[in-house]
Amino acid sequence: MEKLSQKLDPQAPPAADAAEERQPGIPVPNRDRLTVGVDLGDKWSSYCILGLDGEKLTEGELATTPQEFAEFFQEMAPVRVVMEVGTHSAWAREAVAGCGHEVLVANPRQMDGPKRRKRKNDRIDAHKLARVGRMDPQSLCPVEHRSAEVRQDLVALRARDALVAVRTELINTTRGLVKSMGARLPKCSSGSFSKKVEGALPLALSEALMPLVHLVESLSDGIKAYDEQIEKLATEKYPQTELLRQVKGVGGLTALTYVLTLEDPKRFAKSRDVGPYLGLVPKQEDSGDRQPQLRITKMGDMMLRRLLVGSAHYILGPFGPDTDLRRYGIRLCERGGKNAKKRAVVAVARKLGVLLHRLWVSGEVYEPLRQPLPAAAQEAA
């Protein structure tokens with residue numbers, strides 16, 4: 001109670017002491033500068049400028065290009081600029097920050113969405129961003145963009161991911177069309193699809209489907225080229241990926257994606273914070289005694305989350321080595337219940353993300369088995 005009374009003491013501390021108590025990296029209300037809200041669009045962006053007392057000074061539009069942004073913000077004295085994360089927010093933040101302004105990039109998934117608002121357009125959104133960013137910037141849940149170098153290296157990984165998605169779609173389409181005519185294609189891996197299927201297509205469908213098979217072969221060659229490029233990038237430029245590849249089931253692609261997505265491991269105070277960052281924890285909508293079981297949040301990078309889930313499938317699969325992660329997942333599977341295997345895979349993926357961060361930060365040698373078997377399991381063995 002004594003500590004609570006001190007916190008609620010109406011006597012405000014001196015301005016100098018308050019400034020010293022501000023935690024670094026946490027934005028505070030903006031009362032001594034103008035605030036600019038920018039709603040980024042694909043071709044045109046809306047802006048709204050608020051004065052020192054929160055009054056609307058002006059609003060308008062500017063072209064969504066680096067040159068236009070630089071020219072517009074170079075003419076201003078230092079201000080606070082608020083925008084939402086999106087396709088253009090990375091370069092827009094760099095362009096505005098390069099003019100000497102403070103830039104906050106809001107995370108719309110963490111904010112109250114526009115569904116409750118009866119009116120929504122770009123002009124209103126820009127005004128809303130400016131008003132919230134002026135007095136309650138922490139509610140924006142600001143995000144930090146990766147560096148330009150890391151974003152450039154991520155392009156190869158995302159391009160490869162796009163090729164894999166297109167190849168999967170073509171393979172499924174080919175199999176479905178053949179099946180609709182009463183025939184079936186042999187089972188095979190995606191990489192060997194074109195060779196296995198070329199001689200197995202029905203003669204009546206060969207002319208129509210061979211172009212799809214050739215496209216799959218071309219895509220497979222492109223994916224192999226990307227794999228070589230990614231392996232070279234991981235080995236030469238990001239040697240820390242070797243720490244992550246100690247875990248069986250984590251290859252060069254997953255390790256490099258993990259390193260580039262997190263970029264700086266020190267941004268997380270605890271390794272456990274990586275799970276929520278990657279969207280591998282359940283949603284929460286508790287109210288009173290009501291605590292519904294919900295799906296995972298799926299926040300963060302979709303590609304990395306998918307790769308971690310793939311690694312978890314390998315760890316729990318027939319070829320996965322005996323490790324603490326595997327034992328943990330098997331225990332969850334043995335509980336039974338609806339979707340027990342799926343829950344176990346997601347749980348192992350979350351623990352894997354935490355483990356990789358710990359290995360990266362500490363530089364330790366990975367020990368697959370650190371927890372002893374339970375007594376019952378030892379007796380059964």
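The values are calculated or read from the model by the stated rules, or taken from the named source; none is laboratory data. Note that this is a predicted model, so its numbers are computed, not measured. Cβ coordinates were reconstructed from backbone atoms using ideal geometry, including for glycine residues, and neighbour counts include every protein chain displayed. What goes into the accessible areas is simple: the full protein's heavy atoms, side chains included, and nothing from ligands, DNA or RNA. Shrake-Rupley method; radii C 1.70, N 1.55, O 1.52, S 1.80 Å.
Enumerate the pairs (first residue in the range 156-173 and at pLDDT below 95; second residue anywhere and of a type in the set (Asp, Glu) and open to solvent by less than 30 Å² (accessible area, probe 1.4 Å)) with beta-carbon separation below 8 Å, excluding pairs fewer than 6 apart on the same chain, so at least 6 apart or on different chains.
none
If the Cβ limit is 6 Å and pairs must be 6+ apart or interchain, which residue in the range 236-248 that is among the basic types (Lys, Arg) pairs with which residue that is surrounded by 17 or more Cβ atoms within 10 Å (Cβ to Cβ)?
Taking only residues 6 or more apart or on different chains, the pairs are 245/255.
Only one residue in 354, 361, 365 is buried (at least 17 other Cβ atoms within 10 Å of the Cβ) and of a type in the set (Val, Ile, Thr), so which one is that? Break it down into steps so the answer makes sense when it comes.
Details: 361 fails: buried (at least 17 other Cβ atoms within 10 Å of the Cβ); 365 fails: buried (at least 17 other Cβ atoms within 10 Å of the Cβ).
Only one candidate passes the filter, namely 354.
Do we find a residue being without any contact (Cβ under 8 Å) to a residue 12 or more places away in the chain and open to solvent by 60 Å² or more (accessible area, probe 1.4 Å) anywhere in the range 135-142? Please lay out each step first, then the result.
Pass one, the range 135-142, residues without any contact (Cβ under 8 Å) to a residue 12 or more places away in the chain: none.
Checked against the condition, which is being without any contact (Cβ under 8 Å) to a residue 12 or more places away in the chain and open to solvent by 60 Å² or more (accessible area, probe 1.4 Å), the range 135-142 yields no hits at all.
Kindly indicate which of 157, 209 is crowded, with 16+ Cβ neighbours inside 10 Å and closer than 23 Å to residue 310 by Cα.
On the way: 209 fails: closer than 23 Å to residue 310 by Cα.
Exactly one residue qualifies, and that residue is 157.
Would you confirm whether or not the range 315-327 contains a residue that is closer than 21 Å to residue 294 by Cβ, in a helix (DSSP H, G or I) and open to solvent by less than 80 Å² (accessible area, probe 1.4 Å)?
The first filter runs over the range 315-327 and keeps only residues closer than 21 Å to residue 294 by Cβ, leaving none.
No, the range 315-327 contains no residue that is closer than 21 Å to residue 294 by Cβ, in a helix (DSSP H, G or I) and open to solvent by less than 80 Å² (accessible area, probe 1.4 Å).
Let's see how each residue does on (1) out of contact with any helix residue (DSSP H, G or I) (no Cβ under 9 Å at 6 or more places or on another chain); (2) surrounded by 15 or more Cβ atoms within 10 Å (Cβ to Cβ):
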| site | (1), (2) |
| --- | --- |
| 69 | no, yes |
| 74 | yes, no |
| 81 | no, yes |
| 88 | yes, yes |
| 98 | no, no |
| 106 | no, yes |
| 119 | yes, no |
| 127 | yes, yes |
| 133 | no, yes |
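Restricting the search to the range 236-245, which residues are buried (at least 16 other Cβ atoms within 10 Å of the Cβ) and either over 23 Å from residue 155 (Cβ atoms) or among the acidic types (Asp, Glu) (or both)?
243
Out of the residues in the range 217-235 that are free of Cβ contacts under 8 Å to residues at least 40 places away in the same chain and of a type outside the set (Ser, Thr, Tyr), which is surrounded by the most Cβ atoms within 10 Å (Cβ to Cβ)? Can you show your working first?
Applying the first criterion (free of Cβ contacts under 8 Å to residues at least 40 places away in the same chain) to the range 217-235 yields 217-218, 221, 224-225, 228, 231-232, 234-235.
Still in the list and also of a type outside the set (Ser, Thr, Tyr): 217, 221, 224-225, 228, 231-232, 234.
On the way: 217: 17, 221: 12, 224: 12, 225: 13, 228: 9, 231: 15, 232: 11, 234: 24.
Per the stated criteria, the residue is 234.
If you go through the range 237-294 one residue at a time, how many are aliphatic (A, V, I, L, M), outside any loop (DSSP other than H, G, I, E, B) and under 23 Å from residue 316 (Cα atoms)? Walk me through how you get there before you give the answer.
In the first step, residues of the range 237-294 are kept if they are aliphatic (A, V, I, L, M); the result is 243-244, 247, 250, 253, 255-256, 259-260, 262, 269, 274, 278, 280-281, 294.
After this cut, where a residue has to be outside any loop (DSSP other than H, G, I, E, B) as well, the list is 243-244, 253, 255-256, 259-260, 262, 274.
From what's left, under 23 Å from residue 316 (Cα atoms): 243-244, 253, 255-256, 274.
Going through the range 237-294 one residue at a time, the tally reaches 6.
All but one of (1) assigned to a helix (DSSP H, G or I); (2) more than 25 Å from the chain's Cα centre (by Cα); (3) modelled with pLDDT under 95; (4) of a type outside the set (Phe, Trp, Tyr) hold for residue 125; which doesn't?
(2)
Assess whether residue 346 counts as being open to solvent by 20 Å² or more (accessible area, probe 1.4 Å) and part of a helix (DSSP H, G or I). Reasoning before the result, please.
Working: open to solvent by 20 Å² or more (accessible area, probe 1.4 Å): yes; part of a helix (DSSP H, G or I): yes.
Here the answer is yes, as residue 346 does meet what is asked.
Check off (1) open to solvent by less than 70 Å² (accessible area, probe 1.4 Å); (2) more than 24 Å from residue 150 (Cβ to Cβ); (3) under 26 Å from the mean Cα position of the chain (by Cα) for residue 48 and give me the number that stays unchecked.
Condition (3) is where residue 48 drops out.
If you go through the range 238-266 one residue at a time, how many are small (Gly, Ala, Ser) and under 16 Å from the mean Cα position of the chain (by Cα)?
Within the range 238-266, the subset small (Gly, Ala, Ser) is 249, 251-252, 255.
Within this subset, residues satisfying the condition of being under 16 Å from the mean Cα position of the chain (by Cα) are 255.
Count: 1.
What is the residue count in the range 253-302 for residues that are in contact with a Leu (Cβ under 9 Å, 6 or more places away or on another chain) and surrounded by 15 or more Cβ atoms within 10 Å (Cβ to Cβ)? Full working, then the answer.
Let us first name the residues in the range 253-302 that are in contact with a Leu (Cβ under 9 Å, 6 or more places away or on another chain), namely 253-262, 268, 271, 274, 277-278, 280, 282-285, 296-301.
Checking which are surrounded by 15 or more Cβ atoms within 10 Å (Cβ to Cβ) leaves us with 253-262, 268, 271, 274, 277-278, 280, 296-297, 299-301.
Total satisfying the criteria: 21.
For the range 1-45, give me the residue count where each residue is at pLDDT below 95, open to solvent by 50 Å² or more (accessible area, probe 1.4 Å) and either farther than 27 Å from residue 77 by Cα or not in a loop (DSSP other than H, G, I, E, B) (or both).
Count: 20.
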